[in-house]
Every structure is written in structure tokens, then in C-alpha cells.
Amino acid sequence: MSDARNVVIIGSGPAGLTAAIYTSRATLDPLVLEGEPSSTSDQPGGQLMLTTDVENFPGFPDGIMGPELMMNFKAQAQRFGAEVQTVKASKVDLSERPFKIWVGDPDAAEPTHLAKTVIVSTGAQSIMLELPRENELIGHGLSTCATCDGFFFRDHEIAVVGGGDSALEEASFLSRFASKVTIIHRRDELRASKIMQERAFANPKIEFLWNTEVTGYLGDDKLAGVTTVSTTDGSTGQLDVTGLFIAIGHRPNTSLFEGQLDMKENGYLLTQPGRTATNIPGVFASGDVQDDYYRQAITAAGSGCAAALEAERWLEENDEH
Ligand code: NAP
């Protein structure tokens, strides 16, 4: 077991890199598999790489750009000796210790890394509409987080896509800032809970555009509107909004752990109540991959810290450090 790393952290958003800061300062020489660049939030740095101004992360009174914040997280972890590799884990075997992690060919006979503990921080991604220019407009009128970006739309006319609790919750929050919020839903019936529906119907700033799908984004470097199509008669239209919030659900990045780590019905990793410990001793989960409720950078960072402390204690108690 001498060549097994004390801690391998899979994922490099606020949770993974906070776990790296704490475990490196605890002299555990963590290895971070940060992922590979891609156009989704499933990439080094996670969802904050796809945002612009972050104004709600404590410690930055003037705000900070999402990618800059994540570079700072990484530099802070590396300062204490965390090793960060720009690769994706392709397979894990958590059935026995040391745990086995593959990078590259998942069918290779030998794993790439052995680990005494693993911290899973692979995050989640917002489900997107997959329309052209979506990635370039994120942070420029297009958003997936009302809590993060609502403030920038004071007195603007904006829209929310979706018909579930998230869409209604986002719309209700956004109505504090915007002059009007149009909820664009593809059916004429909401999926959201009755109480959320009643609240939305009673909100004078919220309007509904039923049986409608968004088909495209207007505007050059900033969103200026969306094109739409009716799901009932196919007629097309346009809505002039400066902001569009996509709230059609989230997908946790958990496929690597299927059949090994316990998951909730919605696919998020299941941890012990109030802890980051998973069903496998020595494997911890932190950040959005196990959080379907708060989904904030600061809560992810907090749970990365918790996972690091739990991993450290686990190594001590099991005489492995
Ligand atoms: P959800 O319940 O799965 O709803 C997703 C909504 O997006 C649905 O209305 C769906 O339309 C629509 N949609 C999906 N794909 C679409 C597409 N490609 N184009 C247009 N519309 C699309 O997801 P959620 O609202 O994120 O909620 C997830 C879970 O968290 C739920 O269990 C929810 O109750 C819970 N939640 C609770 C609260 C709360 O209680 N405060 C707040 C947020 C979330 P269809 O209806 O036509 O399928």
C-alpha cells in the first residue's frame, strides 16, 4: 500500500479545491484530478467557470469573476503542495482498499492511481436547452442561477424557462428585482407543487407563456430576446427580454460511481446525515454532487472542508497516515 495516495480528490470546483486546501495543509499530499476542459460545467473549476461576476462569495466586497475565483482556489491549494492533474477519472473501483482509479483507458489492466481515501467532488450541471450560442451567452443575459445573478436584472424584463419548483422559485426570487418575469413553459400545466403555483399566480410581476418552447437566442454579445415556438400550433414568436434563466433541472455528475456509491432517487450521492461519509468507509462526497438543495459555491466549499476533515480523521483512526 506504500504507493497509494492518502487522498485522491475527483473534481475541482469549490468543494474539491477546498478539500485540497485542507488536506494539503494537513500534509496529506492530495492528488486532485481536476477534469478536462469542456463546454459544460463538467470541467476544471466546475460551474463557476461558466459564470461572470460572483458577488455572493464572502470575502470579495467588490465581487470577483467566476474563473478568477476558481484560479485563486487552485493556486491556494497548490501553494500547500496539492498536486493537480488536468485529467478525468474514467473508472473507479471502490470495492476494496486501496481504492483504484483509472485515467484514460478504463479497460487498462492496471489502475492509474491507488488511494487510501477518495473525496468525490464531481459536481452537477444545469440541464441546458442545447441551443446555439448557449455557452457564450452564459453570464451575458443567460443564467442558470437566480440567487447568483438576479441582482443584475433590476427593473429589467426577463424570463424563466421551466414548469417545476425550481422555475417557480427562481421566478419568485427574480420578481424582487425585475420589472416583469415571464415563465415560459412547454405545457399548459405546471409540474411544480401547488403552493408554489399559487404563490406564482398571485405574484403581479409574474406572467406565464404557456405551451411555448424557446428556439433561439437574440442579441450579439448580450442577450436581447428569445425566439419561441408554440407546442400546440407551431406558430413562432419573439420575446424581448434581457435575461433568461434556465430552470429545467440539474444532473449530478455521478455516472462514474453507479453501482458502487449509494445514490438518492434523483441520482445525487447519498451521504450520512450532516456528514460527507458515503456508504463506503474512506470515500467521502462533497459539493453539488451530493447537494440537491443549496447548490451554492460557498456551501460546496464548506462541504469540501468537511470532507477533508473527515478523510483526515478516517486516516488517523485507521492508522493509514
Ligand atoms: P423538475 O421538477 O424536473 O422540472 C423541470 C421542468 O422543466 C419541468 O416543468 C419540465 O417540463 C421542464 N423541462 C425539462 N426539460 C425541458 C426542456 N428541454 N425544455 C423546456 N422545458 C423543459 O426540476 P426542478 O424544478 O429543478 O426540481 C427538481 C426537484 O427539486 C423536484 O423534486 C422539485 O420539487 C425540487 N425542488 C423543490 C423546491 C422547493 O420545494 N422549494 C425548489 C426547487 C426544486 P415538463 O413539466 O413538461 O416535463
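Nothing in this text is a laboratory measurement; each read-out follows from the coordinates by a stated rule. These numbers come from a predicted model, not from an experiment. In this analysis, Cβ positions are derived from the backbone assuming ideal geometry, glycine residues included, and neighbour counts consider all displayed protein chains.
Fewest Cβ neighbours within 10 Å first, please rank ASP149, ASP93 accordingly. Could the numbers behind the result be given before it?
Details: ASP149 25, ASP93 12.
Ordered from fewest to most neighbouring Cβ atoms within 10 Å, ASP149, ASP93 come out as ASP93, ASP149.
Quick one: HIS185, HIS156, fewest Cβ neighbours within 10 Å first, how do they rank?
HIS156, HIS185
Per 0.36 nm of contour for each residue apart, how much would the distance between GLN197 and GLN85 grow if the chain were fully extended, relative to their Cα-Cα spacing? It would help to have the intermediate numbers written out before the result.
Values: separation 112, 0.36 × 112 = 40.32 nm, distance 4.59 nm.
Extending this stretch completely gives an extra 35.7 nm.
So what is the relative contact order for the range 227-321, in percent, with contacts set as C-alpha pairs under 8 Å and at least six apart?
Reported relative contact order: 17 percent.
For the chain, just give the cysteines left without a disulfide-compatible partner, judged by no other Cys Cβ under 4.7 Å.
Lone cysteines by the Cβ rule: CYS305.
Provide the packing ranking of 15-26, 50-61, 121-132, i.e. peptides ordered by the mean count of other C-beta atoms within 10 Å per residue, highest first. List each step's numbers first, then the result.
Values: 15-26: 28.0, 50-61: 14.9, 121-132: 19.9.
In descending order of packing, they fall as 15-26, 121-132, 50-61.
To the nearest 10 degrees, how steeply does helix 14-25 sit against the main Cα axis of the chain, on a 0 to 90 scale?
20
What is the fewest-to-most order of LEU315, LEU218 by other Cβ atoms lying within 10 Å of their Cβ?
Result, fewest neighbours first: LEU218, LEU315.
Can you tell me which of 227-240, 204-217, 295-308 comes out highest on packing, and rank the rest after it, using the mean Cβ neighbours within 10 Å?
Details: 227-240: 12.7, 204-217: 16.9, 295-308: 23.4.
Peptide ranking by packing, descending: 295-308, 204-217, 227-240.
So which trypsin sites (Lys or Arg not before Pro) in the range 38-104 pass both tests, a DSSP loop state and at most 10 other Cβ atoms within 10 Å of the Cβ? Please list the in-between numbers first.
Numbers: sites: LYS74, ARG79, LYS88, LYS91, LYS100; in loops: LYS88.
Filter output for the range 38-104: empty list.
How big is the dipole moment of the range 28-149 about its Cα centre under a simple scheme where the beta carbon of each Lys and Arg is +1, that of each Asp and Glu is -1, and everything else is neutral? Debye, nearest 20, please.
The calculation lands at about 360 debye.
For GLU134 and GLU207 in one chain, what is 0.36 nm times their gap in residues minus the Cα-Cα distance, to one decimal in nm?
On the way: separation 73, 0.36 × 73 = 26.28 nm, distance 2.40 nm.
Full extension from GLU134 to GLU207 adds 23.9 nm.
For the range 220-321, which GluC sites (Glu not before Pro) pass both filters: DSSP loop (anything but H, G, I, E, B) and at most 11 other C-beta atoms within 10 Å?
GLU258, GLU265
What net charge is computed for the residues neighbouring GLY216, neighbours being all others with C-beta under 13 Å from the C-beta of GLY216, Lys and Arg scored +1, Asp and Glu -1?
Value of the local net charge: -2.
What is the helix-to-structure angle for 66-79, meaning the angle in degrees between its Cα long axis and the longest Cα principal axis of the chain, kept from 0 to 90 and rounded to the nearest 10?
10
Most mobile of ASP107, ASP292, ASP155 per a Gaussian network model of the chain (Cα springs, under 10 Å)?
Among ASP107, ASP292, ASP155, the largest GNM mean-square fluctuation belongs to ASP107.
Could I have the simple spin-label model distance between GLU68 and ARG275, label points 7 Å from Cα toward Cβ, reported in nm to one decimal?
Computed distance between label sites GLU68 and ARG275 equals 4.0 nm.
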